[in-house]
């Protein structure tokens, strides 16, 4: 599967609950997205980590994890469902990410500490999904 061309922008965001250690949330995100730079934004009681990265390199760790976890088909379904124009939007379970695995989540209610919100903006979402999660022979 050839690598997609054009711009790729990855944006991740996760709420840091009062009971959570911001460093642990940072680790969870970085176990899935590598060395993405994260900024802790505080608005009163509300804290969240926001990260941005550009290029396919920003997705290389995620790419590798999808293969290691052997969840290409499930991931493909989630990613295709998340296409909104030139963006792909999906959510990951924060606790599962912390232990270095991928578990897709719903935006609300499914993950007790709230999910990691991921948005990938690119010129051709379909080719990016094909690269990340090629159809497996079944």
- Note on the structure: So the angle from the long Cα axis of helix 60-69 to the longest Cα principal axis of the chain, reported in degrees to the nearest 10, equals 80
- When the chain is treated as a Gaussian network with springs between alpha carbons less than 10 Å apart, the largest mean-square fluctuation among 107, 115, 125 is found at 107
- Message: Restricting to DSSP H runs of at least four residues, report the calculated mean residue ellipticity at 222 nm for the chain, -39500 (n - 2.57) per run over all residues, nearest 500 deg cm²/dmol.
- Response: -9000 deg cm²/dmol
- Item | Theoretical gain in end-to-end length, residue 86 to residue 110 [0.36 nm per residue, Cα-Cα removed] | 6.0 nm
- Task: Report the residue, chosen from 95, 84, 30, that carries the largest GNM mean-square fluctuation when the chain is represented by alpha-carbon nodes joined by springs under 10 Å.
- Result: 84
- Message: I need the peptides 41-48, 67-74, 4-11, 22-29 ranked by packing, meaning the mean over residues of other C-beta atoms within 10 angstrom, with the highest value on top.
- Response: 22-29, 4-11, 67-74, 41-48
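Bear in mind that the values in this text are calculations on the coordinates, not laboratory data. All of these numbers come straight from a predicted model, not from anything done at the bench. For neighbour counting, all protein chains shown are included, and Cβ atoms are generated from backbone atoms with ideal geometry for every residue, glycine included.
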